[in-house]
Structure formats: structure tokens, C-alpha cells
1. Which residue, of L246, L207, is within 25 Å of S374 (Cα to Cα), of a type in the set (A, V, I, L, M, F, W, C) and open to solvent by less than 40 Å² (accessible area, probe 1.4 Å)?
2. Output the residues belonging to the range 377-397 that are in contact with a helix residue (DSSP H, G or I) (Cβ under 7 Å, 6 or more places away or on another chain), of a type in the set (A, V, I, L, M) and farther than 20 Å from L348 by Cβ.
3. If I filter the range 3-20 for residues that are open to solvent by 30 Å² or more (accessible area, probe 1.4 Å), more than 30 Å from L235 (Cβ to Cβ), at pLDDT 85 or above and in contact with a Ser or Thr (Cβ under 7 Å, 6 or more places away or on another chain), do I get at least one hit?
4. Could you grab the pairs with beta carbons closer than 7 Å, sequence gap of 6+ or different chains, first residue in the range 178-194 and within 11 Å of V42 (Cβ to Cβ), second one open to solvent by 40 Å² or more (accessible area, probe 1.4 Å)?
5. With the structure loaded, tell me whether R193 is out of contact with any His (no Cβ under 6 Å at 6 or more places or on another chain), open to solvent by 60 Å² or more (accessible area, probe 1.4 Å) and under 30 Å from M100 (Cβ atoms) or whether it fails that test.
6. Could you check, for the range 168-178, whether at least one of its residues is in contact with a Gly (Cβ under 8 Å, 6 or more places away or on another chain) and surrounded by fewer than 24 Cβ atoms within 10 Å (Cβ to Cβ)?
7. Given (1) within 30 Å of A281 (Cβ to Cβ); (2) in a loop (DSSP other than H, G, I, E, B); (3) touching a helix residue (DSSP H, G or I) at 6+ places or on another chain (Cβ under 7 Å), identify the lone condition not met by F364.
8. Can you confirm whether the range 97-120 contains a residue that is part of a helix (DSSP H, G or I), within 28 Å of G365 (Cα to Cα) and aromatic (F, W, Y)?
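The values are calculated or read from the model by the stated rules, or taken from the named source; none is laboratory data. Given the structure is predicted, the values throughout are model-derived calculations rather than measurements. Every residue, glycine as well, gets a Cβ built from its backbone with ideal geometry; the counts of neighbours run over all protein chains shown. The accessibility values were calculated without ligands, DNA or RNA, using every heavy atom of the protein model including side chains. Shrake-Rupley method; radii C 1.70, N 1.55, O 1.52, S 1.80 Å.
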Amino acid sequence: MATATEPTKTKTPIGRVVGASLVGTTVEWYDFFLYGVAASVVFGELFFPKGEELTGTLLSFATFAVGFFARPIGGVVFGHFGDRLGRKNLLVLSLLMMGMATFAIGLLPTYAQVGALAPVLLTVLRLIQGFALGGEWGGAVLIVSEHGDPKRRGFWSSWPQAGAPAGQLIANGVLAGLAAFQSDEAFNSWGWRIPFLLSAVLVLVGLWVRLRIEESPLFRQAREKQEPTDKLPFLEVITKYRREVLTAMGARMAENVSYYIFTIVIATYAKEHLGLDKSFALNAVLIGAAIHFCAIPLWGALSDRIGRKPVYLIGAIGVGVWAFVFVALVDTKNFALAVLAVTVGLVLHGAMYGPQASFFTELFGTRVRYSGVSVGYQLASIIAGGLAPFIAVALLKAYDSGYAISIYVGVCSLISIIAVTSYGETRQRDLSAL
């Protein structure tokens, strides 16, 4: 009979687990954000009927939002099997699905070639991307949180979060490089396909790293102790952890919306509202993402010292205020000020994103944790991140002012402030006891 300490004998070193999660999330976010950036600069023209430019971009962002509607479904499915079978295998599957869908986007015919079939195929592949990412996040943060030292959980689990700016950095870097060395005609004709096809190489690297880690020790211990049950993890989450799911959803509003405004919508705003070259916004986000990558683990480490709530509230309040400064700085059309606008915005976003992984992990019990964090995180993605670019561009079209977008971010910040302040501090919770 196995002893209580037996699962730790094959425990993978935390550095390798963090590396595997970071590499995998970087690849997945690269794939996901690549679509978002391409939607803001080329998809509206290539995959939809010719018309007024902002209308084409709105249609393009509508397909961007479709991926978010698939994420909760992916979260439920991957969460169910992740809570029954373990975290590792599901992480490998999510990476494969995302990579294959992204590679296929790079091969798609355009509207000029196949008509209405082009946006249909694009939408289907976006759904697959969303489904895969819906299962990715929960497993990536859990396998780190359930391996590491509880006293440094905020720091270690923030590293998979850093995969988001890393993926954004690579996606924007590749697109900015192509835009700089290619004519608009060449980029729109075939250059945009290169980053999507490169995903295949990144996925192979991610798979090699992920296959070398062991299953979460806390999951294995929980599986030995718990009695078999026919109850679906998802049903247990929505009956036993309703408050926790709502807390996670509310906390995500400011974090998710502000991120897409600062990194995706800025490209449309600069190009179509201010009349600037597409490289203006891409390069500003490129610099900001590099700082963001460094800031996230620092905020995670700070949450280990002073708690998840204080750090999270710094970010929620900060982005609500900064959204107005952000628009004012970008409106100057000065590149240095635009970089400042994006960088400060992303650093404040990191104050939420850094401790978010540990905060959400600490909300749910081990037997349903994968389902719990996935459902709470991904449901918010529909009304927050998925609709953010669409709502922002619609506001811009209706009011012809970036400050309408700032008010939108401010309202979302207020929701997150209420959600976080209404729940107790979680930093001292013992995951093995949940």
C-alpha cells in the first residue's frame, strides 16, 4: 500500500515544472495573440467583404470573440478529465490542438479566393484555438502551484502567467519584423502567414519540455485518499463553489479587459483613428510586453509577502485610472509617450495577473480544482476579454473618442475592486487540506 509520502519520490524539480509550464503557455498564448494582432491589422481586409474599414475590423474582432466563447467549454471538458486523470496529459493535448489550429490558419484561402467559405473556416479554427486555450490555463498554473513551496506559491505560479506577455512579445515581434521589411502588399499577400506556420516549430519545443515532467504530487495524493465518486467535477464546482466562481469572474473583469485594450485595441486605434502606421502600435506593445514579462513574477513574489488582495487591488485601481492617461498619451502620436502608455498599463495589469494564478488556485479543493479555476477564469473571458476588442471598437465608432474606451475600462475596474474586496485573503491556505 502506498504511503502518504510516496508521491514525492518522483517529484519533478520546481524549476523544470515552471519551465515546462512557461514554455507551453508561451506557445499557446503566441498562437492566441497572433490571431488577435492579425485581426486588428489584416484579417478584416483579407477574410471579409470589402467595405468601410472599421466595419471590416469589427467583423474580424467578432471572430476573435468567438474563440472566447469556446474557452469555457474547453475549460469544462479539460477540467473534468484533468480532475479525473491528472494535469500533465491534458496539458500535452491542449498544446497539440492549439498548434494544429494555428498552423492551419496560415494555410487558409482568403475571401477573394473562396468567398464566404474563408470567414467560415477562420471561425472554425478560432473555435478550436479557444477550446484548447480553455483547457490550457488551469492545468498550467495548477501543476506549478501543486508542486512548489507554499510560502512561495505566488512567485512560482506567476511564471506560467508570464507566458502571456512572452507569447505577445513573440507574436508582435514577428509581425512587426515582417511589417518593417516587407511592403504592405507583400505582407497582406503572404507575409502574414509566416508567423502562423512558425507555430509548428514552437509546439514541438513545448511538447518536448512538457513530456519530461511528472504529474502533480498533490493530485496523486488526493486520488489515493478520496473515495470514488460519480459526481461530475463541474457540477460540484457550481453547487459547492458558486461564490468562488463569481469572485474569480469579477476579479478578471479589469484584468482581462485592460489587457486587450492595451495590447490589441491600440493597434486598431492607432491605425484607423489616428492614421498611424501599423508598426507604431506593434512596436510600442513589443517594448511594453518585455517589461510586463519581468513585472509579473515580481508582483507574484510581493503577493507572497503582503497577500493576494492588496497586490490585486493595486492593479485593479491602477488600470482604471491609467486608462484615461493611456488615451491622452497615445493621442499625442508620439512614439515614446505611446510606449510609456502601454508599459505602465501592462505593469499595472501585472499586479493583477501575477497573483491571479495562486489566488484562483487557493479558491478550490484539489478534487475539483482544475474544473474550478478553469470555469471561473474562462467564463469571465467571454464577457471580458472576448468582447473587449469588439466593444472598444464599437465605442470608438459610435463616439469617435478614445475616452469612451477609458470609461469602459473604468467600469470593469470597479467590478473587480468589489469582487476582490468582498472575499477573504487566501495566501495562508493549505492546498493539500482543500
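1. Of L246, L207, the one residue that is within 25 Å of S374 (Cα to Cα), of a type in the set (A, V, I, L, M, F, W, C) and open to solvent by less than 40 Å² (accessible area, probe 1.4 Å) is L207.
2. Hits for the range 377-397 are L379, I382, L387, I391, V393, A394, L395, L396.
3. no
4. So the pair list comes out as L178/I194; N188/E45.
5. Judged against the criteria, R193 is not a match.
6. Yes, the range 168-178 contains at least one residue that is in contact with a Gly (Cβ under 8 Å, 6 or more places away or on another chain) and surrounded by fewer than 24 Cβ atoms within 10 Å (Cβ to Cβ).
7. F364 satisfies all of (1) within 30 Å of A281 (Cβ to Cβ); (2) in a loop (DSSP other than H, G, I, E, B); (3) touching a helix residue (DSSP H, G or I) at 6+ places or on another chain (Cβ under 7 Å) except (1).
8. no
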